[in-house]
Amino acid sequence: MGEAIIASVLPRKLAAIPNVASLGLGNGIAVFNDNVGQVHLIADVALRHAVLHAWARSIATVWMVGTGLAGDAVKNAGDSENTLTEDVQA
């Protein structure tokens, strides 16, 4: 799930950064994942921070979606437990 979210969010965030294409980080998420270790070598500090911010916000999106799904699963599990308890008591 996480890779699918990053694959849809990160390219949009990177595309909004001026001059990011000149870095040669790659167009696909797999290529960018291979090159993410090179981000700290970007000489332009503002560009480096923009790329890191895009990457961090993409990871944050994974956490937000995952947390929401986990919360919904817990809520639904609680609802089904209450239903089972009511059925046993009846």
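Taking first residues from segment 1-17 that are of a type in the set (A, V, I, L, M, F, W, C) and partners that are not in a helix (DSSP H, G or I), the Cβ contacts under 8 Å between residues at least 6 apart in sequence or on separate chains come to Leu14/Leu25. Residues that are in a loop (DSSP other than H, G, I, E, B) and under 24 Å from Val65 (Cβ atoms) were ranked within segment 1-24; the one that is nearest to the chain's Cα centre (by Cα) is Met1.
Look at segment 49-69: where a residue is in contact (Cβ under 8 Å) with a residue 40 or more places away in the chain and a partner is surrounded by fewer than 14 Cβ atoms within 10 Å (Cβ to Cβ) and of a type in the set (Gly, Ala, Ser), sitting 6+ places away or on another chain with Cβ atoms under 8 Å, you get Ala54/Ala16; Val62/Gly2; Gly66/Gly2.
Just one of Ala60, Ala43, Ala56 is modelled with pLDDT of 65 or more and not in a helix (DSSP H, G or I); which is it?
Unique residue meeting the criteria: Ala43.
Scanning segment 31-55 for residues that are among the small types (Gly, Ala, Ser), surrounded by 11 or more Cβ atoms within 10 Å (Cβ to Cβ) and closer than 20 Å to Glu3 by Cβ yields one hit, Ala54.
The values are calculated or read from the model by the stated rules, or taken from the named source; none is laboratory data. Computed from a predicted model, the values in this text were never measured in an experiment. Backbone-built Cβ (ideal geometry, glycine too); neighbour counts: all protein chains shown.
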